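See structure below.
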Amino acid sequence: MQRLSIRVNGIVQGVGFRPFVYMLAQQHHLSGRVQNTPDGVDIIVSGMNTDTFINDVKTKLPPLAKIEKMDIYALDSRAQIEEGFFIVETKSGSSSTKIPADVAICEACLDELFDPSSRYHLYPFISCTHCGPRYSIVENLPYDREQTTLSVFPLCEKCKADYKDPSNRRYHAESTACNACGPSISKDLPLVVKQIREGSTVALKGNGGFRFVLDAKNAAAILQLRSNKRRPDKPFALMVLNAKSAKQYVSMTDKEHEILTSRARPIVLMDKKKNHLPDAIAPSLNQLGIMLPQTPLDYLLFYYLLGKPQAKEWLDEENEVVLIVTSANLSGESIIAKNEKALKSLHSICDDIVTDTREIAMKSDDSVVMCLDNKMHFIRRSKAYAPNTIPLSESLSSVVALGAELKNTLCFIKGSEAYVSQYIGDMQSSANVDYFCEVFSHYQKLFGVKYEAVACDLHPDFFTTEFAENLNLPLYRVQHHQAHAFSVIAEHNVQGKTLAVILDGYGYDSDEIARGGELFICDTQSLNMQRIGEFLPMIYASGDKVQKEPWRMAISVCETFDMPVPAHLKAFKQADDYQKLLKVGTLNNLTTSAGRVFDGVSSLLDICHQNTYEAQAAMLLQAKASNYNDKVDGVKINSKNQLDCKALVERVCQLGKDNSHKASSIFHSGLSQGLVKWIKQSSEKYSVNQVVLNGGCFQNRLLLQLVCDQLKKTKIKVYLPNQLPFNDGGISLGQAWYAAKKYQRGELCV
């Protein structure tokens, strides 16, 4: 006879863990109790089969549960032993446990959703302990119904009976409800579907916020939404019912299929097939972003669009229904989650707004990912992944990092884990600043994070810098591209000395050069990071305009490399004035930005002259290219270890806009070969056999693939971000890790 005390930490609340433990205890004829506490789940067990019980707890977890730590202590077996096993009421207090991210509807709930005999038949808010909203409805921990936005919906007698039955999968399913007692939507779905069929755009509230939904085959509806939303070119995401339907429009690898059909249901970027969808979905791009239904409401849209099919086989059958599903927001702002704001702000963009009576505690955009070499990489890490933590190799001081000005995320370090927030957005919008403050407060409240120091970007004029200064804590200012490198080092626990190549659009440094193409050597022990190379600096003028108007960068490239300006660029009204400005030189700035090189080449090839969304010129340039494997000797490395692309750009321009496909292919191939040569030479010089690759330019899957393929032929180990984006959405982890290490050593920065 053994009597044990077990404390379990991890994702063990709100996932059916207690009834799972209860059923195991019954199965193994054990007595005792299980209880949610602020410090985890506490279990007391007494009996003869405790070893088998513990093994089953570890290996037979509910789908959403994750054990990160289990502490087991022997108790006095002579103490009075409970008769039977009980689930004890939750112990309140400041919580250090975790809450899972929102996940897609499970198979059992999907069966009930379309079962005419079920009381959940066609109910758009069906869920259980294995699926549904979590992070989006939790207002505080421990995770109990009264701490969620469902607290205002008292359970009916039938739901209450399920909720109290440990053998039911809805036992303490805090989001559970049915037609009789739960939330409702403001309009009947058959009427909503009728509007979509007729070409309307509907703002429909989901778990993470409102999303615009329309028929992806209706070109007129798409163009109208683009006009109303002031989004002329940025690609829209598509939703189809299943993977079979998706394969009509994209080529899909096994890994992409796995991610697309996962419970997280992110938007997956995949290569576009020739199809009959309007080009207006993703103008001139060679990839489409596709996702599958996540919520019961999503599935019900397809149910009505397909004419209310019988049985359940239709769920797995190929069909031609494809919807545009994109965040409902105002230009430059984050997704809208509140009914009042949606009704006030979205009426001029869409034809109808469908609200519901369930409040969203914390909004999130859909996550976006891509695949390379059978691994997933984030473009945007948000819904279904946040607030999942990123494990660190050691326990560190508690710090908060405030991220970047664009694609902002926050990061809190607590012990050996990093809590990286969902994607927040650009801090140039007052609405997004409010969202930032909301997430900042929510994380502290939800996870009991108390921090001793703060980290921010080196740029003195960012909102996040001012916010950090006002916290009156030890402050660590981390250069933008060094933070990119530290992020990957922290994620992969990179040891010793490593090279780091960061290709980005812009990063402030104290020398006031607009940086974005940098080669570092980093000692991960001392945290010393030294720039040992950069892209050859190019001149430019007009400040931030150059990022939005690639034609300016094209002329800057010509002036830097002493090349003639192509005729199609001289046609711009301001081209002569801009070129004269560059020649005068008094107002010129310097940039090493890889992003600006892509912009300039795209404009030189007459592909894109105005960026209506971030990296548009680079994305359109990539879309022209193919995997070109011939050797291109067009990049030189000068005596200052600067990457000089002059010969490559000259060759590309000689091919010209009439051969833009070949020119783009040669540019990508030549640049990748130059980068690999740069890395190899530095590897030999500094006796370092590992490299970190990060920065927004590496979201260019072709460039990344070419670089990685070539480095595989060397002995240099490559580290890429896997749990965070290449872009600025990942640098908060790097800031936090660096600051925590420094603070823990007593090395204060100002």
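Points to keep in mind about this one:
- Some residue of segment 328-350 being outside any loop (DSSP other than H, G, I, E, B), surrounded by 22 or more Cβ atoms within 10 Å (Cβ to Cβ) and among the β-branched types (V, I, T): no
- Residues located in segment 25-38, provided they are over 31 Å from the mean Cα position of the chain (by Cα), crowded, with 21+ Cβ neighbours inside 10 Å and either of a type in the set (G, A, S) or within 16 Å of E89 (Cα to Cα) (or both): A25, G32, V34
- Which numbered condition S331 misses (of (1) at pLDDT 95 or above; (2) out of contact with any strand residue (DSSP E or B) (no Cβ under 7 Å at 6 or more places or on another chain)): (1)
- Any pair with Cβ under 7 angstrom, 6 or more apart, that starts in segment 632-646 at a residue that is assigned by TED's automatic domain parsing to the domain that holds P537 and ends at one that is among the aromatic types (F, W, Y) and not in a helix (DSSP H, G or I): Q642/F535; L643/F535; K646/F561
- Any hit, segment 459-477, residues being within 29 Å of S331 (Cα to Cα) and in contact with a Gly (Cβ under 8 Å, 6 or more places away or on another chain): yes
- Scanning segment 215-242 for residues that are assigned to a strand (DSSP E or B) and under 24 Å from M370 (Cα atoms) yields L238, M239.
- Inter-residue pairs, beta-carbon under 6 Å, first closer than 14 Å to I666 by Cα and in segment 613-624, second aromatic (F, W, Y) and not in a helix (DSSP H, G or I), 6+ apart: none
- Test: Y451 is touching a residue at least 12 places away in the same chain (Cβ under 8 Å), over 23 Å from N694 (Cβ atoms) and buried (at least 24 other Cβ atoms within 10 Å of the Cβ): no
- When the criteria are applied in full, A739 meets the requirement of being in a helix (DSSP H, G or I) and within 24 Å of T524 (Cα to Cα).
- M553, sole failed condition from (1) within 19 Å of I637 (Cα to Cα); (2) free of Cβ contacts under 8 Å to residues at least 60 places away in the same chain; (3) crowded, with 24+ Cβ neighbours inside 10 Å: (1)
- Filter result for V433 (at pLDDT 95 or above and farther than 24 Å from G208 by Cα): no
- Taken over segment 1-24, the criterion of being over 39 Å from the mean Cα position of the chain (by Cα) and among the aliphatic types (A, V, I, L, M) is satisfied by M1, L4.
Residues are listed down the side, and each one gets a yes or a no for (1) among the β-branched types (V, I, T); (2) under 29 Å from L392 (Cβ atoms):
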residue	(1), (2)
N659	no, no
S665	no, no
V688	yes, yes
L693	no, yes
L703	no, no
L706	no, no
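- Filter pass, R265 being part of a loop (DSSP other than H, G, I, E, B), touching a strand residue (DSSP E or B) at 6+ places or on another chain (Cβ under 7 Å), charged (D, E, K, R) and modelled with pLDDT of 95 or more: yes
- Of the residues making up segment 140-163, those that are more than 28 Å from the chain's Cα centre (by Cα), closer than 28 Å to K445 by Cβ and assigned to a loop (DSSP other than H, G, I, E, B) are F153, P154, L155.
- Taking the criterion of being of a type in the set (A, V, I, L, M, F, W, C) and part of a strand (DSSP E or B), the residues of segment 386-439 that qualify are I390, L392, L396, V399, V400, A401, C411, F412, I413, A418, V420.
- In segment 432-448, the residues that are at positive phi reach residues that are modelled with pLDDT under 90 with C-beta atoms within less than 7 angstrom, at least six apart or across chains, in these pairs: G448/S94; G448/S95; G448/S96.
- Test for Q248: is it under 24 Å from P309 (Cα atoms) and either surrounded by fewer than 21 Cβ atoms within 10 Å (Cβ to Cβ) or touching a strand residue (DSSP E or B) at 6+ places or on another chain (Cβ under 8 Å) (or both): yes
The values are calculated or read from the model by the stated rules, or taken from the named source; none is laboratory data. Everything numeric in this text was worked out from a predicted model, so none of it was measured. Cβ: placed from backbone, ideal geometry, glycine included. Neighbour counts: every protein chain shown.
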